[in-house]
Amino acid sequence: MTQTPEAGPGPASATIVAQHAHLLETLPFADRQDFEDAHRGFIAALEPAVVRDADGRVVWDNDSYAFLAGDAPETVNPSLWRQSQLNAIQGLFEVVPGLYQVRGLDLSVMSFVEGERGVVVIDPLISVETAAAGLGLYRAHRGERPVTGLVYTHSHADHFGGARGVLGQERVDSGEVPVIAPAGFTEHAVAENVFAGTAMSRRAGYMYGAALDRGPLGQVGAGLGQTTSVGSVTLIPPTVHVTTTGQEVVVDGVRMVFQLAPGSEAPAEMHFLLPDLRALCMAENATHVLHNILTIRGALVRDPHAWARYLTDAIELFGEQTDVVFASHHWPTWGHERAIRFLVEQRDLYAYLHDQTLRMMNQGLTGIEIAEAITMPPALENAWHARGYYGSVSHNVKAIYQRYMGWYDGNPANLWKHPPAEVGRRYVDFMGGADAVVAKASDSFAAGDFRWVAEVVSHVVFAEPGHEAARTLLADTFEQLGYGAENGTWRCAYLSAAHELRHGGFGTPVSAAASDLFAQLTPEQWLDAMAIRVDGPRAWHERLTIDVALTDLGQTHRISLSNGVLSHTSTPGPLPADLTLRLAMPVLAGLLSGALGLGDLGSAGVEVAGDASALSRLLAVLDEPDPDFAIVTP
């Protein structure tokens, strides 16, 4: 029986309970090695494990996962429950003498390598507040060591956002403390969070279950970690760039030998060996999950072929010098043989998905068909670290297909399909009307065919958004799919969809964009970001040129608007522009971000020459992104 909108979450269906029982029988739950590893080297926990910002707002609460005890309830996939129990283990841990980690204080893990005078910090979490709490926990037990170096392994915010929680800008500016990152880091770090940032952030609310209560009926974890902290995201730009594999950097007596891995889990990423500790950091390319080839919040499709090759190279480059593998998520793997086996299995995981998808693609199967047909080797199927808690076999296969073949599956029937609302109206009409569809779908729900119910009832909701019986049935269906999901982000997405159908949109609770990220945008990136906001039809008949002379950078950029397209060049032609603005880069950033209005130009020191209306005409055709756009409704 389905629930009324007011009833909220219901129990797990018999279908889901049976699915979970099968997993308990077939997966190696008796293997407790991961629990031993996750507790190994424990020194102390943060008590309470609640972090607040300067205003007292909670930005991280690991204690809210205290319910993760005992056996999995019927409403949570037991494999995901196990992974969440592991991820919720928090505190300071010794990996080997001289190398420590803080785990369970954010989605990611922060590591500390002790040097001659202080400590080198690796990947300072998402938020200033959690990073500061993690550093405080380390210092409470290892002494007041100054931070003498900062390393970003790659260009995702959960590996740099807390930078200002562990290090002050003045110590970087003085040259006292180097900040090390792979080549291309800053460009990719800021671009991902700006160009498509609004859409990604809205979808990330689904991916991490931002609006869900924590508990057996709601958010239990995201596989890669429990969830994301919601504090202040910052960025201290790198001062040392790793540009070649084999490059060695010594900071405070700590030797690091780097391997570049661009285009793997992040566009700019690197691994490195600590040869004096025989410890290998794999960034986010070898963790205790099957990772994403394409994250469900959206991103550029990653290259699993290159990913696997980098893991092979890491084994060849560093394997003989490695006794422990650690990463910026999850717990380490100790012992030379175990570490190499772990890396080999992770390598084979991504290589197998890539190669088998291509094999079946060349036999004529589409991405959806391959995702249903592919079977994993038994050794990987039963390796806990290869399970799909964050990425999944299903959506990764489709991503690989997309990388090579694009969105079109080759069937002309799918070349020019109607959009969802139009499809919904036609399906509902063909199937006898909304009430008839809901009645038939209710029988499918009772039979446990939740994937089919989600497909057909979604058509009803898009055709008739106000049809309460359809919304209720669809919410109940998403709920059951969430209860059954082994993947943490799938569970969050399904349950978030049910939440919005019952309670209305929750918008974008957290945006990844922050002032430090905006400050690193180049003039070209700012202008590219502005071009994305032009409402083409509204700008069809507008023609204008504006020269922007950046007084602090000694650069001039010409902006041209024609045919609904904003273009820019750093080599203005001989013809004069309609308008010339002389201003500093921060003022331009304020103007384009909306922090400064047209009436603020004079007080901001902007010099204006020519037709001042050109600027107001340009700003008039810019759209504001919508952080609350609909997802499960039209």
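The values are calculated or read from the model by the stated rules, or taken from the named source; none is laboratory data. This structure is a prediction, so every number in the text was calculated from the model and none was measured. Backbone-built Cβ (ideal geometry, glycine too); neighbour counts: all protein chains shown. We work out accessible area using only protein heavy atoms, side chains counted, and drop any ligands, DNA or RNA first. Shrake-Rupley method; radii C 1.70, N 1.55, O 1.52, S 1.80 Å.
Extension gain for the segment Ser616 to His141, taken as residue separation times 0.36 nm less the Cα-Cα distance, is 165.2 nm to one decimal.
Peptides 29-37, 90-98 ranked from most to least packed by the mean count of surrounding Cβ atoms within 10 Å: 90-98, 29-37. Only helices enter this figure: runs of n ≥ 4 DSSP H residues, each worth -39500 (n - 2.57), summed and divided by the residues of the chain, yield -11500 deg cm²/dmol at 222 nm to the nearest 500. If you bin all the Cα-Cα distances of the stretch 369-410 at 10 Å, starting from zero, the percentages per bin are 27, 50, 20, 4.
Out of all DSSP beta bridges with both ends in the chain, state the antiparallel percent to the nearest 5.
Close to 75 percent.
Apolar share of the accessible surface for the chain: 54 percent from carbon plus sulfur atoms, 1.4 Å probe. A Förster radius of 22 Å, combined with the Cβ-Cβ distance separating Ala379 from Gln321, puts the computed FRET efficiency at roughly 0.30. Give the distance, in whole Å, between the Cα centre of the stretch 570-629 and the Cα centre of the stretch 442-481. Measuring centre to centre over Cα atoms gives 48 Å. A quarter of the convex hull surface defined by the alpha-carbon atoms of the stretch 120-261 gives 10.1 nm² as the mean projection.
Mind ranking 402-413, 570-581, 144-155 by how tightly packed they are, going by the mean number of other C-beta atoms within 10 angstrom, highest first? Could the numbers behind the result be given before it?
Details: 402-413: 11.4, 570-581: 14.7, 144-155: 22.8.
Descending mean neighbour count gives 144-155, 570-581, 402-413.
Dividing the mean sequence gap of close Cα pairs (under 8 Å, 6+ apart) by how many residues the chain holds gives a relative contact order of 14 percent.
Using 19 Å as the cut-off for backbone N distance, which residues of the stretch 344-371 belong to the label zone defined by a point 7 Å from the Cα of Leu415 along Cα→Cβ? Once the point is set 7 Å along Cα→Cβ of Leu415, 364-367 turn out to lie under 19 Å by backbone N, inside the stretch 344-371. Averaged over residues, the count of other Cβ atoms within 10 Å places the peptides 394-401, 65-72 in the sequence 394-401, 65-72, highest first.
Solvent-accessible area per residue in the stretch 480-556 equals 39 Å², computed with a 1.4 angstrom probe and all protein chains kept.
Taking every alpha-carbon pair in the chain and binning the separations at 10 Å intervals from zero gives 3, 15, 24, 25, 19, 11, 3, 0 percent.
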